[in-house]
1. Using 0.36 nm per residue of separation minus the Cα-Cα distance, give me the extension gain between ARG87 and VAL28 in nm, one decimal.
2. First measure r as the distance between the Cβ atoms of ARG78 and CYS21, then evaluate 1/(1 + (r/R0)^6) with R0 = 22 Å and state the FRET efficiency to the nearest 0.05.
3. Residues with beta-carbon under 10 Å from that of GLY46, excluding GLY46: net charge, scoring Lys, Arg +1 and Asp, Glu -1?
4. Along its principal axes, what span do the Cα atoms of the stretch 3-102 show, with the longest given first and each in whole Å?
5. Return VAL85, VAL50 ranked ascending by Cβ neighbour count within 10 Å, so the fewest neighbours appear first.
6. At 0.36 nm per residue, and after removing the present C-alpha to C-alpha distance, how many nm does the segment from LEU43 to ASP70 gain when stretched out fully?
7. To make sure I understand, if each residue's beta carbon is the centre and we count other beta carbons within 10 Å, what order do LYS54, LYS30 fall in, fewest to most?
8. For THR31, list long-range residues whose amide hydrogen, built 1.01 Å from N in the peptide plane, is under 5 Å from its own amide hydrogen.
Amino acid sequence: MSIAEIAGRAGGGGNEFCSGCDMGFGLVGKTKFNQMEVPLGILPGGNGTVNLPKLIGRNRALEMILGGVDIDAETAERWGYLNRVFRRRRPSRPTSTRLPNASRASRRSP
């Protein structure tokens, strides 16, 4: 099991990495996602064009990929990209301690 806890910008390859994780968590006011390849005039690579439509649907994926717009944490949660967003970061309590079952499940994964 892979868990992404994003407290900043994840664009291009970072966005593709996060979209491939089993669970995602963001921070209100800090987390932003985008796919900036098309606005830069290059072809999107990696798995962003494959994973995004599965996570957020075809039309929203097209909006992200073709528009290169930033998607904030609240929107990403509403669209189904993130499992949950948090209002503030607690460095002493990683996501796995706030979700005890996720920690147990990750120990059982291959």
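Coordinate-derived values only; no laboratory data. Because the structure is a prediction, the values reported are computed rather than measured. Cβ coordinates were reconstructed from backbone atoms using ideal geometry, including for glycine residues, and neighbour counts include every protein chain displayed.
1. 20.7 nm
2. With a Förster radius of 22 Å, E is 0.75.
3. -2
4. Taking max minus min along each principal axis of the Cα atoms, the stretch 3-102 gives 41, 23, 21 Å.
5. In order of increasing Cβ crowding within 10 Å: VAL50, VAL85.
6. Extra length from LEU43 to ASP70 when fully extended: 7.9 nm.
7. LYS54, LYS30
8. For THR31, the qualifying residues are GLY8, ALA73.
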